[in-house]
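Engineer: Pasting in a structure now, in structure tokens, and then I'll have a few things to ask.
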Amino acid sequence: MVLSHTNPQHDTSLDCTFASRYVRTALPRYKMPDESIPKEAAHQIISDELMLDGNPRLNLASFVTTWMEPECDQLIMAAINKNYVDMDEYPVTTELQNRCVNMIAHLFNAPIGEAETAVGVGTVGSSEAIMLAGLAFKRKWQNKRKAEGKPCDKPNIVTGANVQVCWEKFARYFEVELKEVKLTEGYYVMDPKKAVEMVDENTICVAAILGSTLTGEFEDVKLLNDLLVQKNKETGWDVPIHVDAASGGFIAPFLNPDLVWDFRLPLVKSINASGHKYGLVYAGVGWVVWRSKNDLPDELIFHINYLGTDQPTFTLNFSKGSSQIIAQYYQFIRLGFAGYKNIMENCMDNVKVLREALDQTGRFNIVSKELGVPLVAFSLKDESKYTVFDISENLRRFGWIVPAYTMPADAQHITVLRVVVREDFTRSLAERLVLDINKVLEYLDAHSEAYMTKVSAVHVDVSAKTNKGRAGVHKSEKEIEEEVTTQWKKVTDGKKTRVSGVC
């Protein structure tokens with residue numbers, strides 16, 4: 001959570017057994033201590049508390065990279081005190097960022113000549129990248145509407161209901177209406193036809209997702225482009241496309257080079273990608289690249305000179321570390337195209353192993369598609385005894401963090417588990433995960449009698465309340481069943497609020 005909170009059940013002080021070798025006084029928990037303590041004590045106290053964090057490599061909820069080579073770790077630590085924004089002081093770091101932008105632009109088939117440089121910027125992550133891209137679309141749309149003497153106070157973006165929460169943040173923070181294409185059972189990405197139908201003269205862009213957070217599936221950007229070209233031609237509008245390739249931007253070019261989703265499509269004006277996902281860098285780096293300079297309004301670029309020389313900047317924040325930029329460049333030159341392709345193929349091989357093993361249990365439906373991000377999303381075939389939320393909760397006993405969640409509108413009745421396969425998720429870990437899932441299923445099967453006892457208790461309670469004081473009046477079995485279902489949903493909804501978020 002962004003907002004902090006305190007736990008009133010905890011003491012207001014911290015005690016540490018080992019740290020008592022250096023300090024005997026308990027430390028305040030939510031206030032800065034009055035006196036200093038030895039560095040060894042501070043280190044021990046914090047280390048002891050962090051022991052209770054989960055193991056990042058067993059966090060299968062997150063797309064974010066959790067392992068890099070030791071040589072890159074050394075480069076990160078060497079640059080950890082460099083402020084990326086100070087371009088005059090650290091010109092080589094700035095040059096490395098520019099190289100990364102150009103490498104990504106070429107990877108996404110940007111139409112830039114030999115003597116041209118790509119237009120793009122490094123960000124803290126794809127959330128910031130999307131904010132910047134959205135602002136560029138909004139400002140271009142506003143400028144055009146003003147020039148035509150038309151109102152420009154009601155901009156909107158068309159997306160699928162499966163978009164990541166950063167799109168909702170952009171819409172709310174920058175006062176843009178978010179028009180969502182609802183999902184349907186069995187089709188958990190944006191329908192291009194429905195999306196184009198929702199486009200109007202106030203649409204600043206249509207956002208397509210290359211790698212849905214929920215199922216990893218690639219949306220059909222080419223079909224969206226073709227339909228939108230036709231609609232623009234019929235209406236005289238000029239509605240563009242942004243591709244949110246946070247998860248799939250570093251997958252498709254290596255595994256699906258013939259898939260047309262990027263700047264090869266004329267209406268795709270900007271693309272974002274997360275370097276800290278399948279770009280294989282630790283958390284804290286994203287990228288946004290524009291098709292050309294004309295797609296980034298000049299008035300959004302600020303120029304400062306109080307750090308030494310004139311420096312253009314287009315970011316939401318100012319200061320940030322240089323380490324992740326340097327780490328991204330390391331991965332690009334260390335792995336090259338062949339290295340990235342090899343890693344992504346290996347991830348997909350492990351996905352196949354996991355899919356087949358889960359399918360062989362006979363207990364799950366595989367929801368995710370083969371064309372997409374390396375992940376497996378799956379649902380229970382029979383949820384009459386327990387739910388995916390029970391499985392997720394019990395897997396934590398083995399150290400695994402596997403998120404369970406409901407699909408967005410209009411597929412909220414579908415609940416799934418999702419396993420993200422990253423570079424460090426080996427085949428042996430995949431096999432171990434399946435073994436632990438089977439143990440959880442056996443445990444829940446054995447304890448399902450207690451579950452059914454609760455259901456029976458709810459059934460009796462509902463029946464008693466229904467017929468109380470109504471002699472000779474009885475509800476049908478179907479009516480009672482519906483009320484039992486309603487009561488039980490209240491129980492399971494409590495579990496849903498406690499599950500891990502989807503990253």
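Engineer: Quick check on V416: is it open to solvent by less than 70 Å² (accessible area, probe 1.4 Å), out of contact with any Leu (no Cβ under 7 Å at 6 or more places or on another chain), β-branched (V, I, T) and modelled with pLDDT of 95 or more? Working first, answer last.
Structural biologist: Values: open to solvent by less than 70 Å² (accessible area, probe 1.4 Å): yes; out of contact with any Leu (no Cβ under 7 Å at 6 or more places or on another chain): yes; β-branched (V, I, T): yes; modelled with pLDDT of 95 or more: yes.
Against the criterion (open to solvent by less than 70 Å² (accessible area, probe 1.4 Å), out of contact with any Leu (no Cβ under 7 Å at 6 or more places or on another chain), β-branched (V, I, T) and modelled with pLDDT of 95 or more), V416 qualifies.
Engineer: Could I ask something else about it? Do we have any residue at all in segment 64-71 that's over 22 Å from S247 (Cα atoms) and either aromatic (F, W, Y) or open to solvent by less than 50 Å² (accessible area, probe 1.4 Å) (or both)? Spell out the reasoning first.
Structural biologist: Let us first name the residues in segment 64-71 that are over 22 Å from S247 (Cα atoms), namely 70-71.
Next, from what is left, pick out any that are either aromatic (F, W, Y) or open to solvent by less than 50 Å² (accessible area, probe 1.4 Å) (or both): none.
Looking for residues that are over 22 Å from S247 (Cα atoms) and either aromatic (F, W, Y) or open to solvent by less than 50 Å² (accessible area, probe 1.4 Å) (or both), one finds none in segment 64-71, hence no.
Engineer: Search segment 39-54 for residues that are touching a residue at least 40 places away in the same chain (Cβ under 8 Å) and pair each with any residue that is surrounded by 13 or more Cβ atoms within 10 Å (Cβ to Cβ) when their beta-carbon atoms are under 7 Å apart and the residues are at least 6 apart or on different chains.
Structural biologist: So the pair list comes out as G54/I401.
Engineer: Filter segment 182-207 down to the residues that are of a type outside the set (S, T, N, Q), outside any loop (DSSP other than H, G, I, E, B) and under 24 Å from C152 (Cβ atoms), then identify the one that is most open to solvent (accessible area, probe 1.4 Å). Step through it out loud before you land on a result.
Structural biologist: So in segment 182-207, the residues of a type outside the set (S, T, N, Q) come out as 182-183, 185-201, 204-207.
Then drop every residue that is not outside any loop (DSSP other than H, G, I, E, B), which leaves 187, 192-198, 204-207.
Checking the rest, the ones that are also under 24 Å from C152 (Cβ atoms) come to 195-198, 204-207.
Numbers: A195: 0, V196: 13, E197: 139, M198: 55, I204: 5, C205: 1, V206: 0, A207: 0 Å².
Checked segment 182-207; the qualifying residue most open to solvent (accessible area, probe 1.4 Å) is E197.
Engineer: Among the residues of segment 221-266, count how many are part of a loop (DSSP other than H, G, I, E, B) and open to solvent by 20 Å² or more (accessible area, probe 1.4 Å).
Structural biologist: First, pick out the residues of segment 221-266 that are part of a loop (DSSP other than H, G, I, E, B): 236-240, 245-251, 256-266.
When the remaining residues are screened for being open to solvent by 20 Å² or more (accessible area, probe 1.4 Å), the result is 236-238, 256-260, 264, 266.
Of the residues in that region, 10 qualify.
Engineer: If a residue has to be open to solvent by 10 Å² or more (accessible area, probe 1.4 Å) and part of a loop (DSSP other than H, G, I, E, B) to count, how many in segment 126-160 make the cut?
Structural biologist: Here the count works out to 7.
Engineer: If you take just the strands (runs of 3 or more DSSP E) that sit entirely in segment 311-409, which of them hold at least 2 residues that are open to solvent by less than 40 Å² (accessible area, probe 1.4 Å)?
Structural biologist: On the way: elements: 311-313, 364-366, 375-380, 404-406.
Answer list for segment 311-409: 311-313, 375-380, 404-406.
Engineer: Determine the pairs where a residue that is within 16 Å of P408 (Cβ to Cβ) and among the hydroxyl-bearing types (S, T, Y), located within segment 141-164, has a partner that is open to solvent by 30 Å² or more (accessible area, probe 1.4 Å) and part of a strand (DSSP E or B) with Cβ atoms under 7 Å apart, the partner being 6 or more residues away or on another chain.
Structural biologist: Note: pairs meeting the criteria are T159/L178; T159/E180.
Engineer: Hey, another quick one. Against the definition (hydrophobic (A, V, I, L, M, F, W, C), open to solvent by 10 Å² or more (accessible area, probe 1.4 Å) and in contact (Cβ under 8 Å) with a residue 12 or more places away in the chain), how does V434 come out, yes or no? Spell out how you get there, then give the answer.
Structural biologist: Numbers: hydrophobic (A, V, I, L, M, F, W, C): yes; open to solvent by 10 Å² or more (accessible area, probe 1.4 Å): yes; in contact (Cβ under 8 Å) with a residue 12 or more places away in the chain: yes.
Answer is yes for this residue.
Listed here are the residues, each with its yes/no results for (1) among the polar types (S, T, N, Q); (2) at pLDDT below 90.
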| position | (1), (2) |
| --- | --- |
| P403 | no, no |
| L444 | no, no |
| V458 | no, yes |
| V462 | no, yes |
| G472 | no, yes |
| Q487 | yes, yes |
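Engineer: Checking the condition farther than 19 Å from M87 by Cα and β-branched (V, I, T), which residue from V285, V289 passes?
Structural biologist: Details: V285 fails: farther than 19 Å from M87 by Cα.
After applying the criteria, what remains is V289.
The values are calculated or read from the model by the stated rules, or taken from the named source; none is laboratory data. Note that the coordinates shown come from a computational prediction; the quantities given were computed from them, not determined experimentally. Here Cβ is always computed from backbone atoms with ideal geometry, including for glycine, and neighbour counts include all displayed protein chains. These area figures cover heavy atoms from the full protein model, side chains too; ligands, DNA and RNA do not enter into them. Shrake-Rupley method; radii C 1.70, N 1.55, O 1.52, S 1.80 Å.
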